[in-house]
1. Looking at the range 200-221, I want the residues that are not assigned by TED's automatic domain parsing to the domain that holds SER241 and have a partner that is assigned to a loop (DSSP other than H, G, I, E, B) with Cβ atoms under 6 Å, at least 6 apart or on another chain. Which pairs are those?
2. Can we say ASN183 is buried (at least 17 other Cβ atoms within 10 Å of the Cβ), at positive phi and not hydrophobic (A, V, I, L, M, F, W, C)?
3. Residue under question is ALA182, and the condition is that it be within 18 Å of GLN105 (Cβ to Cβ) and either in contact with a helix residue (DSSP H, G or I) (Cβ under 7 Å, 6 or more places away or on another chain) or not β-branched (Val, Ile, Thr) (or both); does it hold?
4. Check off (1) touching a Lys or Arg at 6+ places or on another chain (Cβ under 8 Å); (2) more than 30 Å from ASN30 (Cα to Cα); (3) surrounded by 18 or more Cβ atoms within 10 Å (Cβ to Cβ) for ASP178 and give me the number that stays unchecked.
5. I need the full set of residues from the range 196-221 which are assigned to a helix (DSSP H, G or I) and touching a strand residue (DSSP E or B) at 6+ places or on another chain (Cβ under 6 Å), in order please.
6. Would you point out which residue out of SER266, SER252, SER224 is within 30 Å of LEU124 (Cβ to Cβ), of a type in the set (Ser, Thr, Tyr) and out of contact with any strand residue (DSSP E or B) (no Cβ under 9 Å at 6 or more places or on another chain)?
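The values are calculated or read from the model by the stated rules, or taken from the named source; none is laboratory data. Bear in mind that the values here come from a model prediction, so they are computed numbers and not experimental data. Glycine also receives a Cβ, built like all others from the backbone with ideal geometry; neighbour counts cover every protein chain displayed.
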Amino acid sequence: MSTEVLEAMGMLEALRVTELRSLLSRMGRNKSGLKKDLTERVVHLLHNECSFELLFAVQELHNLRQVSKDARRSSRASPVETISMPERVLAGKPGSLTVVSKEQQMIQLPFYQTLETVLPPTPLVPVFGGPLQNSDFRFHLSSSQQAQIQNAQSPSGSMSVQVVLRICYSESIGVEEDQYPANISVSVNHTNCPVQCSYSSSKPGTEPSRPCRPIDVTPLLWVSFTNRFSVTWGNFGKRYSVAVYLVRVVSSQELLTQLRSTSVESLELCRQRVCEKLNSDKENEITTTGLQVSLMCPLAKMRMSVACRARGCAHLQCFDASFYLQMNERKPRWTCPVCHKYAPFDALCIDSLMCEALESSGEDVEEIEYLSDSSWKPVRRDRSNKESALHPPKHMGNHSQVDSSVVDLTQGSSDDEDLLNEEMVSTHLEDKKVHFRKSGTIKTPRSKRRSRTIN
């Protein structure tokens, strides 16, 4: 093991969960789980897939962690910087000051297109002792923001443009995912705002489970007046930031249309990937001449309509883009159903070669086989043979009318004949009911058993 790898493994102990997730996200790996699981994944990468990019990322995050520690030690009284709020955020109060995070950014959500930032990420600062804290914020919507909200209301009452509240960690530098603090509750203009969250444990300090969705505060807003919202949260040693955005809600069908127009891989690139997958190394004696892939979506268990995969995935198997987007619209996990790696919307692409196979093959074809020259052929299964294997043919005829045969195993037979009769009886046991009767062996009260004499 090289010295660089040993130093990187030592640096991992100083990193926090958010920084480990950022590192795994940068390397295209799954970033869900506890700190122990995240550390094991990074250690696995260092042992098996170590690269200069990985070592540089670990060193960079470790340096940022040391800088942030030194900054907190040197400025205990003012841990964050105070800068002026933009005039478009607090209309009519250009000189007011607020505490904001200078370098905090929140991850972009595919189903929420950010139009404007109403309140930039602002730390939740505890103001008194005790685990339960309360933070108050104010903002005013500009005239353009008011117009966008009013024009977006549909006759059914649904809003395609919303004002949402988002909360994330503020302990690390970089892009952060949504994460609610423990014991969270939100009120807007003195009215309680529902927060949809679930807890994996009742232990004090437990954060709500991910994914944490943006909180829609549009129905409780005063469009033409200054709005006030209050966040009640549990202070258990972690730092959070809250932000307010004006967003446009995007449906899964709109994302599918966007995917079809901007993220379609060409046939040449798809064929090149198949050739690279099948053409083995010259030093390897084993050569793969074909590879079978399924036309059935591993999620929906149905035939795919739009074959899709993530760019970071190494497999040729695809999944249905429409069903994948609908699933993440209900619960955004963004995990590849084939290799279980992180597969966000920006990394998705449509496989033109697989789509060509779906259009050219019949509806009864469930699998195709890629050949070494990047061509493909359908793999047809014989359903008659499959059904005969699953359901063997039954014997014809009525069992109630099966002939009964009486076989005498002792009368007038030699040892060789007895052996032949026994073999014949065992052969026909499955087809007929056989009754056995042994002559001369019935006992009665008045007669004794007659023994057979052998001459």
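1. Pairs that qualify, where the first residue is not assigned by TED's automatic domain parsing to the domain that holds SER241 and the partner is assigned to a loop (DSSP other than H, G, I, E, B): there are none.
2. Working: buried (at least 17 other Cβ atoms within 10 Å of the Cβ): yes; at positive phi: yes; not hydrophobic (A, V, I, L, M, F, W, C): yes.
When the stated conditions are applied, ASN183 passes them.
3. Numbers: within 18 Å of GLN105 (Cβ to Cβ): no; either in contact with a helix residue (DSSP H, G or I) (Cβ under 7 Å, 6 or more places away or on another chain) or not β-branched (Val, Ile, Thr) (or both): yes.
The answer is no for ALA182.
4. Going through the list (1) touching a Lys or Arg at 6+ places or on another chain (Cβ under 8 Å); (2) more than 30 Å from ASN30 (Cα to Cα); (3) surrounded by 18 or more Cβ atoms within 10 Å (Cβ to Cβ), ASP178 breaks only (2).
5. We begin by selecting, within the range 196-221, every residue assigned to a helix (DSSP H, G or I); these are 218-220.
Selection gives THR218, LEU220.
6. Values: SER266 fails: within 30 Å of LEU124 (Cβ to Cβ); SER252 fails: within 30 Å of LEU124 (Cβ to Cβ).
Exactly one residue qualifies, and that residue is SER224.
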